[in-house]
Amino acid sequence: MRLLFITPSFFGYEKVIVDAFRSRGVDVDLADERPSNSAVARAVLRIAPTLVQSSLKRHYDDLLARFGDVQYDGLLAIKGENLPEWFLREFRARNPGAVTMFYSFDAISNSSHCVSLFPLFDRLYSFDRGDVARYPVLEYKPLFYSADFAHADPTRPSRYLASFVGTLHSDRYEFVRAITRDLDIQSTLSYFYSQAKWYFLVQKLTDRRNARVSMSEVSFDKMDRTQVAEIFASSRAVIDFQRPGQSGLTMRTFEALASGAALITTNASVKDEPFYSPDRVLVVDRDPAAIDSAAVAAWIEALPPSAAPPAGFDTYSVSEWVEPFVSALNDKAAR
């Protein structure tokens, strides 16, 4: 079986997915949906895509030249923010009978171009229950955790009472500060990432919520996933803060719980999941001013110093996540 996998680059998770497919016997050709992943290019593609249409056309012409003569059993597109309709139609014409699949890990309100592509996909999934309710063609499918987070030692004592690792945006900084205000600063870890120094300075100038963030508190290098896994495995609780307008559960949700840490999150949708337990998941208001820091600190300090993932949580591993896509490829091959 052979799959063309078109996805934006997102912190190396695309390679984790490729490895999971290959472990199931699927040959995968990986293609980035963006012609460039520089901070400037990503900003232009999001804000003013018409300015880079020629670059986008060249990128997909190149993909067609590289992969156009290969016979595929299927195509999987993630997000589809920059995927042209003509390319999908050309793929279907060259690969009659191939199954075309779509997955969104972002709120569609943040990236609505994909809606025009829905009729060209045979199977469509989203991590956001709200989008599934708004678009009946979508099926709910939450995100996953990689193997890096699956080796937690339930007897290992925690080094941190609470930790946060994530991109700096909206009021995340003030939120994390509110959550950890009543904890010993030596027992917490906060790692805020920004894609470039110029981008961070723009954030400071254009968003008053980030005006007080100093450059020394921000990293411009992505933290390696194995380092993140080590931090989570050493944390009693992990802090999660989803983007505004998003109800889908973040990757951090699954990584934190798989590592054995408890979860503090602003996403009330977690209460709809079978693994939800108020003993291990604390849902809080996303407004930093509404956070009861003392109550949060008391909840964290009452947690056991070490714990195992929820029972049956391996169903959220990436190897299980690829299963419906592999099944669709198998169904096509059997026809």
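The values are calculated or read from the model by the stated rules, or taken from the named source; none is laboratory data. Here the structure is a predicted model, which is why all the values come from computation and not from measurement. Because the Cβ atoms are built from the backbone with ideal geometry, glycine has one as well, and the counts that use them run over all protein chains shown.
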Which one of these does LEU161 not meet: (1) under 21 Å from ILE264 (Cα atoms); (2) assigned by TED's automatic domain parsing to the domain that holds VAL283; (3) of a type outside the set (Phe, Trp, Tyr); (4) surrounded by fewer than 20 Cβ atoms within 10 Å (Cβ to Cβ)? (4)
For region 254-263, indicate whether the set of residues that are hydroxyl-bearing (Ser, Thr, Tyr) and either more than 30 Å from ARG22 (Cβ to Cβ) or surrounded by fewer than 17 Cβ atoms within 10 Å (Cβ to Cβ) (or both) is non-empty. no
I need the full set of residues from region 1-24 which are small (Gly, Ala, Ser) and free of Cβ contacts under 8 Å to residues at least 40 places away in the same chain, in order please. SER9
Residues within region 266-303 that are under 22 Å from PHE127 (Cα atoms) and among the hydrophobic types (A, V, I, L, M, F, W, C), tallied: 7
Out of all the residues in region 41-52, is one or more of a type in the set (Gly, Ala, Ser), modelled with pLDDT of 90 or more and exposed (fewer than 13 other Cβ atoms within 10 Å of the Cβ)? no
Kindly provide the set of residues from region 194-210 that are modelled with pLDDT under 90 and assigned to a loop (DSSP other than H, G, I, E, B), ordered by number. GLN195, ALA196
